[in-house]
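One structure is given below, encoded as structure tokens.
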Amino acid sequence: MFDLIVKGGTLTDGRVTDIGIEKGVIKAIDALEGAEAGEVIDATGDLVSPPFVDPHFHMDATLSYGTPRINASGTLLEGIGLWGELKEVMTHDEVVARALDYCDWAASTGLLAIRSHVDTCDDRLLGVSALLEVREKVRGYIDLQLVAFPQDGFYRDPTARANTIRALDMGVDVVGGIPHFERTMADGAASVTELCGIAAERGLQVDMHCDETDDPNSRHIETLASETQRLGLQGRVAGSHLTSMHSMDNYYVSKLLPLIAEARINVIPNPLINIVLQGRHDTFPKRRGLTRVREMLAMGINVGWGQDCVLDPWYSLGTADMLDVAFMGLHVAQMTSPADMRTCFDMVTTHNARTMGLEGYGLEVGAQASLVVLDAGDPVEALRLRAGRLCVIAKGRVISRRARGDAQLSLPGRPARVTRRHTL
Ligand SMILES: [Zn+2]
């Protein structure tokens, strides 16, 4: 007797099968004809995927768009200034409420693991205490990992260093940084060295906002990769953004990519935000602002799309839907072949799970029973349609359902119902 059976769904690899769930764990992936279950979910013809994973988000800022004002220029630097104004007026309860609202959105789209940076440049550490509370509140359905993020610079801000260490002492999971925002290249490199040292000492992962600039001389990823090697942190370090790489000299990149691969750095481009915020100093030609995604994937580097922002000082849109993120990513990176598009789907599921070091993730016997039933036939169709999540199961429980998005047509001689499905 299973608690739940998801019947007849199509897995991302094309297998059509049933999935039996018991006590929050996947117990069977096989034809379960005649097996009994508390509930059977019919997924015939629908895609069944492991949950979506967002490895780069700012939950302390989300859903604050317009408070205290909007970002008029739309630039990264005005966004950072505006965030400073928002920090002055925000309260613990208000941050918790916004974050919980966002987690409801995430639950409804099957986004069940999120790594959120949390600003540590605040003597009150208000965002840190609020998100630590949220991490506990959502634990039953979302795995929330927090990164201690010195937004105004680990050295540039006079109390950031002490506050970042305090945040880690309070239970924040991952060590962050922002080397390109320090006052000099030397300070940036030194911040990478010190922060990686702190992570090694405490046995923590590292995830830095790194080289989020159009300046090809911003090369902190080189220091991040070499410190990773020196400290034996291979596989536990992520470089977020790495946008400067789009404008770096090709010879230098030919030397850099093998270093990133050897250090097993996980890479997190954030296409919605990178395409909006980078290239702002350009006239024409105007750069796209995305790091070298295909080239890194070809080197065997783990690359996954991150979302970064939803309705906050930096971005005026956003949906908590990782299919929107991957859809933008595949356009900006020109990953439009069927194989590349499937990779883009994997980038917002399995690749990101690897970056976050999630345990028990995936559709296999013995794994945690978290999955999503999508109104699509395969991963490419899911991307094309940004398909509706018909059912979301988190740790063995159904947490969200929605009706199919079919339209009723009233056109003489034409079908009454249109789904826009077109699986090859
Ligand atoms: Zn960010």
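The values are calculated or read from the model by the stated rules, or taken from the named source; none is laboratory data. Everything quoted here is computed from the prediction, not taken from an experiment. Backbone-built Cβ (ideal geometry, glycine too); neighbour counts: all protein chains shown.
Quick one: is Thr319 away from the ligand (no atom under 16 Å from the Cβ), free of Cβ contacts under 8 Å to residues at least 12 places away in the same chain and either closer than 22 Å to Leu77 by Cβ or not in a helix (DSSP H, G or I) (or both)? Against the criterion (away from the ligand (no atom under 16 Å from the Cβ), free of Cβ contacts under 8 Å to residues at least 12 places away in the same chain and either closer than 22 Å to Leu77 by Cβ or not in a helix (DSSP H, G or I) (or both)), Thr319 does not qualify. Of the helices (runs of 4 or more DSSP H) lying entirely inside the stretch 47-161, not one contains at least 2 residues that are surrounded by fewer than 23 Cβ atoms within 10 Å (Cβ to Cβ) and among the aromatic types (Phe, Trp, Tyr). In the stretch 162-193, the qualifying residues are those that are of a type in the set (A, V, I, L, M) and assigned to a loop (DSSP other than H, G, I, E, B), and the one that is surrounded by the fewest Cβ atoms within 10 Å (Cβ to Cβ) is Val172. Among the residues of the stretch 345-388, those that are in contact with a strand residue (DSSP E or B) (Cβ under 9 Å, 6 or more places away or on another chain) and at positive phi comprise Gly357, Gly360, Gly362, Gly366. For the stretch 83-98, filtering for residues that are of a type in the set (A, V, I, L, M, F, W, C), free of Cβ contacts under 8 Å to residues at least 40 places away in the same chain and in contact with a Pro (Cβ under 7 Å, 6 or more places away or on another chain) leaves 1. Residues of the stretch 51-98 that are among the polar types (S, T, N, Q), closer than 21 Å to Ala320 by Cα and more than 14 Å from the ligand (Cβ to nearest atom): Ser64, Thr67, Asn71. Taking the criterion of being more than 16 Å from the ligand (Cβ to nearest atom) and either under 22 Å from Asp173 (Cα atoms) or not assigned by TED's automatic domain parsing to the domain that holds Cys196 (or both), the residues of the stretch 238-264 that qualify are Ala263, Arg264. Considering each residue of the stretch 206-213 in turn, none proves to be more than 16 Å from the ligand (Cβ to nearest atom) and touching a residue at least 24 places away in the same chain (Cβ under 8 Å).
Are any residues in the stretch 124-152 of a type in the set (Val, Ile, Thr) and farther than 13 Å from Leu100 by Cα, and if so, which ones? Listed by number, the residues that qualify are Val128, Val147.
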